[in-house]
Amino acid sequence: MSSDNQSSNDVLREEVRQWLAENWRPEIARTLSQEQYGWETSETRKAWLANVVESRWAVPRWPQQWYGRDLSDEQGKIVEREFAAVRAPGAGQDRINLWANTLLAGGSQALKEKLLAPLLKSEVNMCLLYSEPGAGSDLAGIRTRADRQGDHYVINGQKVWTSGAAVADYGMLIARTDWDVPKHRGISFFFCPMKQPGIEVRPLRQITDESHFNEVFITDVIVPVENLLGELNTGWQVLNMALAYERSSMGESARGPRSGVAESRNEEPLVALAREARVLAEPKLRQDIAQAISYKRLNALNSARAKADLEQGTSSSIMSLGKLAMSRILHEEARVRTEILGAQSLFEGEHYPRAEDANFLTLNAYFTSIGGGTDQIQRNIIGERVLGLPKEPEVDKTVPFRDVRTS
Amino acid sequence: METESGYDPDLWRSLSEMGVVGLVVDEAQGGSGVGPVELEAVMEEVGAALLCSPLLASGVVAAELLKALGDKGVSERLLPEIAAGTSIATAVLTGDSGCWTEEGVTITGEIQDGGWQLSGDGSYVLHGQNADVLLVVANTDEGLAAFVAASSAEGVSIEALPTFDHTLRLAGISFDGVEADRIEASGSVWEAVRRAMDLALVALAGEQAGGAQKVLDFTVEYAKTRIQFGRQIGSFQAIKHMAANLLLETESAISAARHAASRLAQDSENRAEAVSLAAFACADAFVKTAADGIQMHGGIAFTWEHPAHLYLKRARADAQLFGTPAYHRERYLQELGA
């Protein structure tokens, strides 16, 4: 790095620090740190984010024309580090704000003017309208349709696995706009306004008895033409870009037990559980516990190695393994927890928090091994993109979509 | 592999000249003076190539045991020859039980006519049939002690053991009143053995990780070239998914082995935890990769002409040396405080 670069980085760092010192006041910090995370954004948070956006710290890598500073990636990281150091939110959205990045990359001038700033300020709520009952692993098989009528599109169909649909202002939606070409080539990508009569949101009851997702029924919903992202029928490319943003913003934030029963801070949870259940001396369980812990530990070591590889500029094949590893960790931990509890795992309810944990984890592990691409799809991706194995022949790849077989 | 000694003397000489044999021996004693991290990296290559040599016996276990025992006189006499490869040393640590624990020690040392004499039957001695120098851990009236004896000494009888892995050399060594020099340990003898075995386990972990990587590489390559049903077999998900699973095993093994090496190099507090994790994770990963690799090849790997079986045999052997995977899982859990 040249000394010029170094000194301009120092100037930038000083500028961010100065700005934070003047603006990130203790009362804001206190209010935001006590907030419960949810779909609705509080007024204090909105006001803070608006300040960050207008001061051009939200997306410093973006062009000046759109709330940015044209900074390099390295300089962008300097800004993020300073914000992180004082735990101030709002920076780094040029890296992690899925909605805004997708809109910037593919949106029309009119739509960008209308929505970019509100998205960065969290003034509008968003949801994803991708999967359908008949298009899960095979996402390009969607059958929701968009038909042009004058200066708008009319959408009809059904979407699923949509979180936040009830409060969303817009949904990022893929729909079929050409039925006479192969499946990947007849899809378009829209920002679909959600507050209109043709949108019906029904919560899904999950196997865990929770409801984080919805089904969305779409009947004669109107979308203005300016809400099309990318060219007509290039939605598959826009979608892949959006999915890449989504993956890069997803941390490894798998959920643990939900009982909230205090667990020893110094001891591995499985060890603590076995000790409490008085089975820690059983050799078979000890082997299983060690194995389950090792999966977690190995994944952490893999991630650390991948990160080190990235920092040295070498690409790493390990990143793609994280999700597969996580699903093994969760299923195995759930299995061992159940084994430790034995007959106690028959129960549920507040008097049996340990059983609640084991049973919840057993079911919720599928969130990771099915959601966001099943383990089987993940193995295809690893086999093909990392190991370079040939793709399975696809029988529907060159067939007009209307002739493709469905279940 | 098919020779009696089980290694190629010319190759051994080259490895010694390259500094590989004396990797962990101090420079002052003719070694390379590097540590576990470099050793692990070399061992990944050793595993990939299925090197047949007394490197683990002499350059790792014996050299590290001498260093850890800390008897200056003995070290200065033996380590330069070990590093130069002109002398092959090996350690006699256990007997027929194959338990590399303090209780597994089978040799006894007694003072007779003013000198130490060793008696008993040792086993699982790495390259015992090729060794000049025997480092022997024995029970004495004063507790555990370490000795050095010449393999040519009177009363030593060495029997090559028939190993399932033909790339490995093991011997049973009987001592019948063998005169030996006591090594004056600066601390606990078993602690020194533990250190030597930890380094050996890291070396083995590197060998296992490198071996697994090699098997995965040639198996994936085969899956791209073998055609059945008019398609490369790697396009079948039945094969592809096995390969993806093996990649996870292999990468995890590499991470674990390198992590253990760096913990050992830093002499950090949780080195035992890292070493035992690497020991079972790498052992299991190599066995699984080698085994599934054969399955993925199909018939060709059921023949002697394909090298896949050699990797499975090495993997199975490596998994048993210095403690089984189950033993190391137990040790890992104990290190975690359970």
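At-a-glance table
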item: Residue match in the range A:284-302 (condition: of a type in the set (A, V, I, L, M), touching a residue at least 24 places away in the same chain (Cβ under 8 Å), within 11 Å of chain B (Cβ to nearest Cβ) and within 25 Å of A:ILE381 (Cβ to Cβ)); result: yes
item: Test: residue in the range B:212-230 that is out of contact with any Lys or Arg (no Cβ under 9 Å at 6 or more places or on another chain) and away from chain A (no Cβ under 14 Å); result: yes
item: Breaking point among (1) among the hydroxyl-bearing types (Ser, Thr, Tyr); (2) closer than 24 Å to B:VAL24 by Cα; (3) away from chain A (no Cβ under 14 Å), for B:SER255; result: (3)
item: Unique residue being of a type in the set (Asp, Glu), surrounded by 20 or more Cβ atoms within 10 Å (Cβ to Cβ) and at negative phi when the list is B:GLU76, B:GLU81, B:GLU103, B:GLU64; result: B:GLU64
item: Residue in the range B:216-261 that is surrounded by the most Cβ atoms within 10 Å (Cβ to Cβ), counting only those that are among the basic types (Lys, Arg) and within 17 Å of A:ARG385 (Cα to Cα); result: B:LYS240
item: Residue match in the range A:57-79 (condition: surrounded by fewer than 21 Cβ atoms within 10 Å (Cβ to Cβ), among the polar types (S, T, N, Q) and under 28 Å from A:SER33 (Cβ atoms)); result: yes
item: Within the range A:120-197, strands (runs of 3 or more DSSP E) holding 2 or more residues that are farther than 30 Å from A:GLU54 by Cα; result: A:145-149, A:152-162, A:170-176, A:187-193
item: Yes/no for A:LEU229 being within 16 Å of the chain's Cα centre (by Cα) and at pLDDT 95 or above; result: no
item: Filtered residues of the range A:311-358 (kept if modelled with pLDDT under 90 and within 27 Å of A:GLN376 (Cβ to Cβ)); result: A:SER315, A:SER316, A:SER317, A:ILE318, A:MET319, A:SER320, A:LEU321, A:GLY322, A:LYS323
item: Set A:GLU132, A:GLU113: member being over 17 Å from A:VAL221 (Cβ atoms), free of Cβ contacts under 8 Å to residues at least 40 places away in the same chain and out of contact with any helix residue (DSSP H, G or I) (no Cβ under 6 Å at 6 or more places or on another chain); result: A:GLU113
item: Checklist (1) under 22 Å from A:ASN214 (Cα atoms); (2) surrounded by fewer than 23 Cβ atoms within 10 Å (Cβ to Cβ) applied to A:LEU111, failing item; result: (1)
item: The range B:287-327 - residue that is within 14 Å of another protein chain (Cβ to nearest Cβ) and not in a loop (DSSP other than H, G, I, E, B) and, of those, nearest to the chain's Cα centre (by Cα); result: B:PRO325
item: Per-region count, the range A:161-190, residues surrounded by fewer than 22 Cβ atoms within 10 Å (Cβ to Cβ) and either over 21 Å from A:THR102 (Cα atoms) or charged (D, E, K, R) (or both); result: 8
item: Evaluation of A:LYS77 against (1) under 23 Å from the mean Cα position of the chain (by Cα); (2) modelled with pLDDT of 95 or more; (3) not in a loop (DSSP other than H, G, I, E, B) (one fails), failing number; result: (2)
item: Residue ranges of strands (runs of 3 or more DSSP E) in the range B:66-130 with at least 3 members under 22 Å from B:VAL20 (Cα atoms); result: B:89-92
item: Residue in the range B:264-274 that is in contact with a Ser or Thr (Cβ under 9 Å, 6 or more places away or on another chain), small (Gly, Ala, Ser), surrounded by 17 or more Cβ atoms within 10 Å (Cβ to Cβ) and under 30 Å from A:THR374 (Cβ atoms) present; result: no
item: Filter result for A:GLN344 (in a helix (DSSP H, G or I), within 14 Å of chain B (Cβ to nearest Cβ) and in contact (Cβ under 8 Å) with a residue 24 or more places away in the chain); result: no
item: Count of residues meeting criterion [of a type in the set (Ser, Thr, Tyr), surrounded by fewer than 20 Cβ atoms within 10 Å (Cβ to Cβ) and assigned to a helix (DSSP H, G or I)] in the range A:349-393; result: 3
item: From the options B:SER53, B:SER58, residue that is in a helix (DSSP H, G or I) and closer than 21 Å to B:ARG314 by Cβ; result: B:SER58
item: Flag for B:ASP121 being under 24 Å from the mean Cα position of the chain (by Cα), surrounded by fewer than 17 Cβ atoms within 10 Å (Cβ to Cβ), at pLDDT 95 or above and over 22 Å from B:LEU78 (Cβ atoms); result: yes
item: Which listed residue is of a type in the set (Asp, Glu) and either more than 11 Å from every other protein chain (Cβ to nearest Cβ) or within 26 Å of A:SER327 (Cβ to Cβ) (or both), from B:GLU249, B:GLU335, B:GLU330; result: B:GLU249
item: From A:ARG328, A:ARG354, residue being within 9 Å of another protein chain (Cβ to nearest Cβ), of a type in the set (Lys, Arg) and touching an Asp or Glu at 6+ places or on another chain (Cβ under 9 Å); result: A:ARG328
item: Among (1) part of a helix (DSSP H, G or I); (2) more than 7 Å from chain B (Cβ to nearest Cβ); (3) of a type in the set (Val, Ile, Thr) - the single one A:VAL279 does not satisfy; result: (1)
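The values are calculated or read from the model by the stated rules, or taken from the named source; none is laboratory data. All figures in this text were calculated on a predicted structure; none of them were measured in a lab. A quick note on method: Cβ atoms are made from the backbone with ideal geometry, for glycine too, and the neighbour counts reach across all protein chains shown.
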